[in-house]
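Visitor: Below you will find the structure I want to go over with you.
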Amino acid sequence: VERWVMMLQGGNLAQVQHVVLILSGKGGVGKSTLTTELALALRHSGKKVGILDVDLCGPSIPRMLSVGKPEVHQCDLGWVPVYTDAQKSLALMSIGFLLEDPDEAVVWRGPKKTALIGQFVSDVAWGELDVLLVDTPPGTSDEHLAVLENLKKQHKVDGAILITTPQAVSTGDVRREITFCKKTGLRILGIVENMSGFVCPHCSECSNIFSKGGGEELAKLTGSVYLGSVPLDPLLTTSIEEGKDFIQTFPDSATFSAINSIAQTLLTSIQNP
Amino acid sequence: MADIPSDAPQHCPGTASEQAGKTSACQGCPNQNLCSSGATKAPDPAIEEIAEKMLTVKHKILVLSGKGGVGKSTFSAHLAHALASDATKEVALLDVDICGPSIPRIMGLEGEQVAGLSLCLSPRYVEDNLAVMSIGFLLSSPDDAVIWRGPKKNGMIKQFLRDVDWGELDYLIVDTPPGTSDEHLSIVQYLSSARIDGAVIITTPQEVSLQDVRKEIRFCQKVQLPIIGVVENMSGFVCPKCKNTSQIFPPTTGGAERMCEEMNLTLLGRVPLDPRIGKSCDEGKSFLTEVPDSPAAAAYHSIVQSIQAYCLSHVTREESAG
């Protein structure tokens, strides 16, 4: 009876405490990677976390969490999310689960993408979550408008984290994403600079492969909070490739420390708006 | 194709869409009756207009990837520079990444906006024989966001192809955003009566990237777009100090090479990671002229030669087929 009451009163997001969007104007900066890692870090600190993957053309999260191709079931309240563990501490919904063939391209125009995202937002039975992270594709188009409009209907958006890499070609796009946030009234929780320097595992020389400093400059330029930077770490990229929990395998790494610090700052920010 | 009339409501599905006149957004629109009668679903006349325009363009190459951030724009820009290094060739680069137009910066044309002339569709010239067009030129500030839904993006792409005065070109290179959506469908559909030589697919070595790229390849097969080949970018990094190679984006499933074997495609080449590439792009300079002796530059040149050879053999085959 309680679940029905909850559904009638507040919908499937009623027991989700916080919703955070992960955005970037730019592709390939590590949105999905950082969504996954932040989710794992938050779970590591005892939170119940969900991930909604609305990148319909390139859904990466299922592989990153090693959930394979599970069947997605319906219950009275809608779709049941896929859990990565028996304790149900990390839940996931992605279009990746709905495709028969993982190599099948989702070649949809805007209106169809908008319709599915509407369903994803309202028809997934998330249950109780501390934080729901929403991973998005690059850009400022149908998917972003759809997810925001549908979330707002249920009054549930704490804000967005913007990911960039250091170079100008990236911050140039992220500036436009910041404008998107301002125009749509989406609070910017902060900027994260990813791929921030590469430390050679052989000689420890640091190379700024994707330039340097752009993330912090962008934060200053736009009056946003700088949440921190994450280095380029082949151990992380390999871990993500193989769907392993980087936090379990490399808890002492500088990379984990950087990610965890960002996760904790994020948590403080959304718990004390 | 989906066109949005100027008096259409916000969520207009487009006049050529199957939903034209039938969605809830259509209620109250002055065009509703016309759309729901089916009259707007005739083939878009723009397709023939564009085909006519494209008669003076010898070769058309699309640069695609399912994945973002693999180096499509970087590659497109340097392909354009390399082809234009032959002064007898006329080259143009069209950037159809409406939301994230990187080409103006990479080609050193930032700040080339013509204030107040947002309808002006004259390409900008990097060299006498190298023209560039991007929505970036139509924005008045670097903070301007193009927050458009699919149908409006499609309209812009149609304008770029039909209304830009390209003139006689040897090569038209089209840089695309990541994904398999409106922009990609539109480019292929609007060019459907004009012959596209083929697509160059860009990937990075890791499976997270290949996973998306396979979808792009499937898209190409679905729409019968020939694939010239695949470029594996960010393929290893040589430390400038100790000269050891690190695989930052590890090819855990065999990289582009294995994917090409499995899908019967040509691997055009591998380009290593070089911090000077990103720097050149940020500064709007050609990496090929800035650091001509680097392994990355050599890789680019070899790939460009393969693409040229493909285009020329393509023409020969067509000519002999009559």
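The values are calculated or read from the model by the stated rules, or taken from the named source; none is laboratory data. Predicted, not measured: the structure shown is a model, and the values here were computed from it. FYI the Cβ positions are ideal-geometry reconstructions off the backbone, even for glycines, and counts take in every protein chain you see. For the accessible areas, the whole protein counts, side chains as well, though only heavy atoms, and no ligand, DNA or RNA atoms are used. Shrake-Rupley method; radii C 1.70, N 1.55, O 1.52, S 1.80 Å.
Visitor: Give just the number: which of (1) under 20 Å from B:Thr245 (Cβ atoms); (2) open to solvent by less than 40 Å² (accessible area, probe 1.4 Å); (3) in a helix (DSSP H, G or I) does A:Ala258 not satisfy?
Guide: (1)
Visitor: Restricting to region B:259-282, what's the tally of residues that are in a helix (DSSP H, G or I) and either among the polar types (S, T, N, Q) or surrounded by fewer than 22 Cβ atoms within 10 Å (Cβ to Cβ) (or both)?
Guide: 9
Visitor: Looking at (1) more than 10 Å from chain B (Cβ to nearest Cβ); (2) open to solvent by 10 Å² or more (accessible area, probe 1.4 Å); (3) part of a helix (DSSP H, G or I), which is the one condition that is false for A:Glu37?
Guide: (2)
Visitor: What residue, of A:Gly28, A:Gly68, A:Gly46, is more than 14 Å from chain B (Cβ to nearest Cβ), at positive phi, of a type outside the set (D, E, K, R) and in a loop (DSSP other than H, G, I, E, B)?
Guide: Result of the check over A:Gly28, A:Gly68, A:Gly46: A:Gly46.
Visitor: Which members of region B:162-199 meet the condition of being part of a helix (DSSP H, G or I), out of contact with any strand residue (DSSP E or B) (no Cβ under 8 Å at 6 or more places or on another chain) and either closer than 22 Å to B:Ile106 by Cα or among the basic types (Lys, Arg) (or both)?
Guide: Scanning region B:162-199 gives B:Arg162, B:Glu183.
Visitor: Can you pull out the residues in region A:135-161 that are under 22 Å from A:Pro273 (Cα atoms) and open to solvent by 10 Å² or more (accessible area, probe 1.4 Å)?
Guide: A:Glu149, A:Asn150, A:Lys152, A:Lys153, A:Gln154, A:His155, A:Lys156, A:Val157, A:Asp158
Visitor: Can you run down the residue pairs with Cβ atoms below 7 Å, 6 or more apart or on separate chains, where the first is in region A:223-240 and of a type in the set (Ser, Thr, Tyr) and the partner is open to solvent by 30 Å² or more (accessible area, probe 1.4 Å)?
Guide: Cβ pairs passing all conditions: A:Ser224/A:Ile188; A:Tyr226/A:Glu216; A:Ser229/A:Ser196; A:Thr238/B:Thr252; A:Ser239/A:Thr249.
Visitor: Right, another one. When only residues in region A:231-247 that are open to solvent by 70 Å² or more (accessible area, probe 1.4 Å) and within 13 Å of A:Leu65 (Cα to Cα) count, which is nearest to the other protein chains (Cβ to nearest Cβ)?
Guide: A:Glu242
Visitor: Within the bounds of region A:53-66, is there any residue that is of a type outside the set (Lys, Arg), closer than 21 Å to A:Lys156 by Cβ and loosely packed, with under 14 Cβ neighbours inside 10 Å?
Guide: Scanning region A:53-66 turns up no residue that is of a type outside the set (Lys, Arg), closer than 21 Å to A:Lys156 by Cβ and loosely packed, with under 14 Cβ neighbours inside 10 Å.
Visitor: Just to be sure, is B:Arg270 more than 10 Å from chain A (Cβ to nearest Cβ), of a type outside the set (S, T, N, Q) and either under 30 Å from A:Pro59 (Cβ atoms) or within 24 Å of the chain's Cα centre (by Cα) (or both)?
Guide: It is true that B:Arg270 is more than 10 Å from chain A (Cβ to nearest Cβ), of a type outside the set (S, T, N, Q) and either under 30 Å from A:Pro59 (Cβ atoms) or within 24 Å of the chain's Cα centre (by Cα) (or both).
Visitor: When you scan region A:83-94, how many residues do you find that are touching a residue at least 40 places away in the same chain (Cβ under 8 Å), surrounded by fewer than 22 Cβ atoms within 10 Å (Cβ to Cβ) and of a type outside the set (S, T, N, Q)?
Guide: Total satisfying the criteria: 1.
Visitor: So B:Glu48 fits all but one of (1) out of contact with any Phe, Trp or Tyr (no Cβ under 8 Å at 6 or more places or on another chain); (2) in a helix (DSSP H, G or I); (3) open to solvent by less than 10 Å² (accessible area, probe 1.4 Å); what number is the exception?
Guide: Status for B:Glu48: all satisfied but (3).
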